[in-house]
1. Output the residues belonging to segment 194-217 that are more than 29 Å from residue 253 (Cβ to Cβ) and open to solvent by less than 20 Å² (accessible area, probe 1.4 Å).
2. If I filter segment 223-270 down to residues being over 25 Å from residue 213 (Cα atoms) and in a loop (DSSP other than H, G, I, E, B), which single residue comes out as most open to solvent (accessible area, probe 1.4 Å)?
3. Which one is farthest from residue 152 (Cα to Cα), of the residues in segment 124-138 that are open to solvent by less than 60 Å² (accessible area, probe 1.4 Å) and not β-branched (Val, Ile, Thr)?
4. Can you tell me how many residues in segment 173-186 are under 16 Å from residue 211 (Cβ atoms), open to solvent by less than 10 Å² (accessible area, probe 1.4 Å), part of a loop (DSSP other than H, G, I, E, B) and of a type outside the set (A, V, I, L, M, F, W, C)?
5. If residue 220 satisfies all but one of (1) surrounded by fewer than 24 Cβ atoms within 10 Å (Cβ to Cβ); (2) of a type in the set (S, T, N, Q); (3) within 22 Å of residue 92 (Cα to Cα), what's the number of the condition it fails?
6. With the structure loaded, tell me whether residue 170 is in contact with a Lys or Arg (Cβ under 7 Å, 6 or more places away or on another chain) and among the polar types (S, T, N, Q) or whether it fails that test.
7. Does segment 187-222 hold any residues that are under 18 Å from residue 261 (Cβ atoms) and outside any strand (DSSP E or B), and which are they?
8. Could you check how many residues of segment 61-83 are surrounded by fewer than 18 Cβ atoms within 10 Å (Cβ to Cβ) and either of a type in the set (Phe, Trp, Tyr) or farther than 26 Å from residue 173 by Cβ (or both)?
Amino acid sequence: MSSAARVMVSTTIIGASSSSFLLFKPTVFKPHSVNLSFNNTTKLVSKKRAFACSALYRPDIKIKEEGQPETLDYRVFFVDNSGKKVSPWHDIPLHVGDGAFNFIVEIPKESSAKMEVATDEIFTPIKQDTKKGKLRYYPYNINWNYGLLPQTWEDPSFANPEVDGAFGDNDPVDVVEIGENRGNVGQLMKVKPLGCLAMIDEGELDWKVIAISLDDPRASLVNDVDDVEKHFPGTLTAIRDWFRDYKIPDGKPANNFGLGNKAANKDYALKVITETNESWAKLVKRSTPAGELSLV
């Protein structure tokens with residue numbers, strides 16, 4: 001690849017206390033006009049668990065883009081302040097304390113490029129998903145920030161008896177963040193879970209944890225799934241319908257949902273997070289076969 005076809009951008013977090021770990025404007029898909037803006041520092045805090053593996057604990061982290069956005073070789077890597085690449089899936093801790101969790105934005109709200117952590121590539125960078133060698137896009141924009149909870153994994157060998165015996169989808173747990181601010185690819189936010197949907201995609205269980213950034217102006221008003229309907233009326237139905245129908249334009253059937261086709265409450269979401277964190281711990285300890293997944 002020529003030097004003109006490669007773009008590398010690094011941002012260091014400098015400051016103190018905001019949950020928006022990394023911000024840069026405008027949309028990541030126009031690299032020629034990338035501007036950088038900084039928030040106050042957020043330290044990564046890992047809650048000690050008996051099974052937890054070593055977690056990243058540094059006052060800052062950078063992201064580095066390699067390649068041009070919306071190309072097959074575009075990658076968003078995460079690096080520590082010594083310049084070493086780290087995995088957003090494995091090295092960023094799940095817990096930040098006080099019931100909050102780290103959330104990594106893969107797909108910013110009001111965008112359609114299907115960005116995701118490459119779980120089968122070393123250091124698991126964020127890339128745009130492909131199908132038959134072509135970049136994938138949703139048929140319409142997603143209306144919320146969408147991404148993953150680090151240090152979680154939906155075990156494909158586990159048949160969940162509470163959700164029609166569906167097996168895990170072999171990915172980290174997905175998050176739908178409903179706050180008003182648009183995130184950026186690779187941004188780290190502190191969020192609190194509010195509920196979850198048990199989506200069943202072609203027979204695989206694909207949890208969607210509904211959460212809100214602690215920086216959102218209405219964050220203090222919502223603490224459980226019932227509060228979402230009160231302060232964000234229609235949002236739960238809109239999320240369910242979006243994920244139910246997004247494959248229909250490609251000629252595929254609608255997705256289904258377990259748990260009575262409704263969003264489960266916060267306690268259930270926390271149970272899902274705990275269980276999938278435990279599954280991840282077994283994975284990285286090699287007590288569960290990894291297959292083609294990268295554990296680096």
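The values are calculated or read from the model by the stated rules, or taken from the named source; none is laboratory data. Please read these numbers as outputs of a predicted model, since none were measured by experiment. Please note: Cβ atoms are built from the backbone with ideal geometry, for glycine as well, and neighbour counts cover all protein chains shown. Heads up: the accessible areas ignore ligands, DNA and RNA and are worked out on the full protein's heavy atoms, side chains in. Shrake-Rupley method; radii C 1.70, N 1.55, O 1.52, S 1.80 Å.
1. Taking segment 194-217 as the starting set, the residues that turn out to be more than 29 Å from residue 253 (Cβ to Cβ) are 212-217.
Correct list: 212, 213, 216.
2. 253
3. First pass over segment 124-138, keeping only residues open to solvent by less than 60 Å² (accessible area, probe 1.4 Å): 124-130, 133, 135, 138.
This time we only want the ones that are not β-branched (Val, Ile, Thr), so: 125, 127-129, 133, 135, 138.
Working: 125: 16, 127: 19, 128: 21, 129: 20, 133: 28, 135: 26, 138: 24 Å.
Per the criteria, the residue is 133.
4. Total satisfying the criteria: 2.
5. Checking residue 220 against (1) surrounded by fewer than 24 Cβ atoms within 10 Å (Cβ to Cβ); (2) of a type in the set (S, T, N, Q); (3) within 22 Å of residue 92 (Cα to Cα), the one that fails is (3).
6. Details: in contact with a Lys or Arg (Cβ under 7 Å, 6 or more places away or on another chain): no; among the polar types (S, T, N, Q): yes.
Considered against the rule, which asks whether it is in contact with a Lys or Arg (Cβ under 7 Å, 6 or more places away or on another chain) and among the polar types (S, T, N, Q), residue 170 comes out as no.
7. 202, 203
8. 9
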